[in-house]
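Taking it in order: structure first as structure tokens, then the write-up.
The values are calculated or read from the model by the stated rules, or taken from the named source; none is laboratory data. Computed from a predicted structure; not experimentally measured. Reconstructed Cβ throughout: ideal geometry from the backbone, glycine too, with neighbour counts over all protein chains shown. Quick note on the areas: whole protein, heavy atoms, side chains included, nothing else; ligands and nucleic acids left out. Shrake-Rupley method; radii C 1.70, N 1.55, O 1.52, S 1.80 Å.
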Amino acid sequence: MSAGWRTLLLRIGDRCPEYGGSADHKEHIETCYGVLSREYEHSRDAIFEFLLQCAEQLPHKIPFFGVLIGLMNLENEDFAKDIVDTTQDKLQDALHNENRDRIRILLRFLSGLMCSKVVVPNSIIETFETLLSSAATILDEETGNPSWQPRADFYVYCILASLPWGGPELFEQVPDEFERVLVGIQSYISIRRHFDDIAFSVFETDEGHSPNKKDFMEDLWERIQILSRSGWKVKSVPKPHLPFEAQLVAGKSHRLSPISCPLPNLSETSSEILKGQEKHEADLKYPQRLRRLHIFPTNQAENMQPVDRFVVEECILDVLLFFNGCCMLVSGIIRSVPQQRESLGCPTPNCLWFTVRFGTCDEPKAHEQDSRKECAFYLVSLPVSFRYEYLMAETIFSQLLLLPNPPFRPIYYTLVIIDLCKALPGAFPSVVVGAVHALFDRISSMDMECRTRLILWFAHHLSNFQFIWPWQEWSYVKDLPKWAPQRVFVQEVLEREIRLSYFEKIKQSIEDAAELEELLPPKAGPNFKFLSDESTENMDGHKFSKELVGMVRGKKNSRDIILWVEEHVIPTNGAEFALDVVSQTLLDIGSKSFTHLITVLERYGQIISKLCPNEKMQLLLMDEVSAYWKNSTQMTAIAIDRMMGYRLISNLAIVKWVFSPANVEQFHVSDRPWEILRNAVSKTYNRISDLRKEIQSLNKGLQVAKEVSAKAIKELEEAKSVLEIVEGQPAPAERPGRLRRLQAYADKAKKEEVTTEESLEAKGALLARALEESKELLKLLFKRFVDVLTERLPAVSADGEIPNLRAGYQNVNFAARDLETATMEIDNENGADKNSEPNGQNTKNDYNVGELEQWCLCTLGYLKSFSCQYATEIWSHIAMLDEIFVGDIHPLIRKAAFSGLCRFTNEGSQL
């Protein structure tokens, strides 16, 4: 029975076998409370801990947990008081540790306890007023630091987010005090700075770019005001306490101890750069949780009150937060590694789902499908009385496409969408189809980073459904210009699908849209220039290549091959010819698989390193890699990435190669150069991140080593200090053997300390070198962006008018789909709803932006993307960036780079 009450707590409020399939919330609570009462005497502490865990990890069920605690409060006041005190302590710790999710959830939990008469309403009011006071102090120029407005916004957001759960009770029980809180919130909203999130918008040409658009806080406050005017009636928050109200009022309500918020970081500078750095740091610590992505028109999505939409969004995000840790740990991506759980986002050390079903989260014995089914189950079983499939899709896609980075790894959202399609086969697949078509219709104006994520997600998603898609609806893109974003999108999706399958399979999947075969990449395979035949066997290149293959097969080591190259190849044909032969031949030897390639680079990388002592030769090496794998973007990217990992190619050389004329011409028609550039920049900063983690670990190890060494020396000195008189002379009282052992321990501990110090010093030197390299990388990267864009961007007119690159663009809906006809009926076998119309029919199949303008738009988009993705690193070298952007720089270049950093310029023209 000890596992039974845990299961009942987890399943409370769900239509499930544990409660006989009943959906009666009152019956659920009575059943669960009866079991808890019987188990209380023997499992008091376990029930206490598990209830708190449930409240934190399943916050959409807080009203149910609140009623259970309220009922237990009738007979065990101390139990309820301990719950309140512990929650208050956790809230206080969360405020000082800046644990955003815990602060938000605990405030909701306290509101739920207040609804069940466990907490005094005035205590909630006092907590709200403390947060409001701290928020107002932060915005004060003299006593606070307005750069940290994100923290102040977060405090007020937590208050507003808890009002749908506790507002009705506060309005009923303490109306005057509650009104005072609402007035305080209104005052705060009036003095805060409006946040313009243009840099984080999924669509570049969003209508929301108008300065009159409400930001997230203003929008939430408006929703709460609408709720207030409607009498605090919320359909999306269950009210399980109402049937028990007559019983709950008999319990004792407990007071919360006052909380305190951390003092604001006072600004000691008037420098705009330093203020910008402070604001960026604040944005990192207190990011906006949700940026709504309105995919579906209002006449298609579910009709619900504004506050209900907010509550359901919060509940969906809470489920995603909790199950991220569980699903990812068990799915095989990371298995049984508790230290890495925090980096994955697992909210607490113990996951409820595994605690109940498998005993411990440290050694998960579950199958992947079990936890994933649970995630989908909770997402589709929120305790609301209306349907929300469209809202759920919008919320999940908004997280997948969230800028600058999604909260969790993109693969997580992929798995969630797949499982929801399986959990709701008659509803969710058609919603996903509609979402993809809606996003595809606006792909021309989508942020480049979001476009890349959408391509990767879509290809992976289709790979889980036999690559079935109504491609004939998109067949018209073949007739669009090669630079048209919709055509490029289809082209890149097909290329990614081939990576996940094979060429013939993907070609077969588009047989209903044979026109799209033109967009398939060439069938992957090497392009070996020294392939021998009778007509070429006597040519130097072919002869040397054949000889090198023989040496490799003969197990010759790198030194012997280097000597052969230096004595027989270079003297007669030159170093560039030698590099051509060696690189092509080694790539051909390693062409069978990724493992073969890595093995060849490990064994014979020294040869390539010897032939590529400078950037000029490294650029030639990348030309050879690109030529050999000209039919495989994937293998080109992998080979260059591995070569950088083995330090055969520098990151600076990769940047120069990507911005070489041949690659620059592909910027708007292929992801090939951008993938290689993304890999290089990412690997550079991953290396820095790894070094910082190693240094942090070594610092902890050094502290331990010093303590062990000091303890060993102290024991040795104490042993030596104990003397006795032997033949009239003082002598050590300890036995010589023990003294020798203590001396050995002390020497070993000291040696360990010195070794750790040396390792720390070496890692520090590597970090300093890596940071300097990263600075040079950023400098070169932005310089190359400026150079290529300056050459091609249309000039600013004489009267200062900035060119509009989208002047020829009309927001044509290329997909002639009647969005109102999308239904929640069962989707047919090809994945489209029955009422859909073929995409592109009776429409204008044209793209009105010229090739040069599209090239500029793509390149500016990637400039903004890199600025946004690596804003933290860029802000630490912002003076260097200012040097690059000083002078007569085109305003569109400056705007793209600075908007990625949320450092806006005065140029008003949109990209």
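Here Asp197 meets each of (1) in contact with an Asp or Glu (Cβ under 7 Å, 6 or more places away or on another chain); (2) under 30 Å from Gly112 (Cβ atoms); (3) open to solvent by 30 Å² or more (accessible area, probe 1.4 Å); (4) of a type in the set (Asp, Glu) with one exception, condition (2). Before we move on, is Gln88 closer than 22 Å to Ile124 by Cβ and of a type in the set (S, T, N, Q)? Spelling it out, Gln88 is indeed closer than 22 Å to Ile124 by Cβ and of a type in the set (S, T, N, Q). For the range 465-518, a residue qualifies if it is in a helix (DSSP H, G or I), touching a helix residue (DSSP H, G or I) at 6+ places or on another chain (Cβ under 7 Å) and closer than 22 Å to Leu857 by Cα, and the qualifying residues are Val477, Lys478, Pro485, Gln486, Arg487, Phe489, Val490, Gln491, Glu492, Val493.
Within the range 414-468, the set of residues being buried (at least 22 other Cβ atoms within 10 Å of the Cβ), of a type in the set (Phe, Trp, Tyr) and either farther than 27 Å from Arg487 by Cβ or in contact with a Pro (Cβ under 8 Å, 6 or more places away or on another chain) (or both) comprises just one member, Phe428. Does the range 158-176 contain any residue that is polar (S, T, N, Q), within 30 Å of Gly251 (Cα to Cα), touching a Gly at 6+ places or on another chain (Cβ under 7 Å) and surrounded by 23 or more Cβ atoms within 10 Å (Cβ to Cβ)? No: zero hits. Scanning the range 609-625 turns up one or more residues that are in contact with a Cys (Cβ under 7 Å, 6 or more places away or on another chain) and either open to solvent by less than 30 Å² (accessible area, probe 1.4 Å) or more than 30 Å from Arg487 (Cα to Cα) (or both).
Among the residues of the range 584-601, those identified as open to solvent by 30 Å² or more (accessible area, probe 1.4 Å) and outside any loop (DSSP other than H, G, I, E, B) are Asp588, Ile589, Phe594, Thr595, His596, Ile598, Thr599.
Out of Gly550, Gly541, which single residue is out of contact with any His (no Cβ under 6 Å at 6 or more places or on another chain) and surrounded by fewer than 17 Cβ atoms within 10 Å (Cβ to Cβ)?
Working: Gly541 fails: surrounded by fewer than 17 Cβ atoms within 10 Å (Cβ to Cβ).
After ruling out the rest, the residue left standing is Gly550.
Cβ separations smaller than 6 Å between residues 6+ apart or across chains give the following pairs from the range 188-199 residues that are under 13 Å from Leu139 (Cα atoms) to residues that are of a type outside the set (Lys, Arg) and part of a loop (DSSP other than H, G, I, E, B): His194/Asp215. Consider the range 394-430 and keep the residues that are in a helix (DSSP H, G or I) and more than 20 Å from Phe323 (Cβ to Cβ). The one that is farthest from the chain's Cα centre (by Cα) is Ser430.
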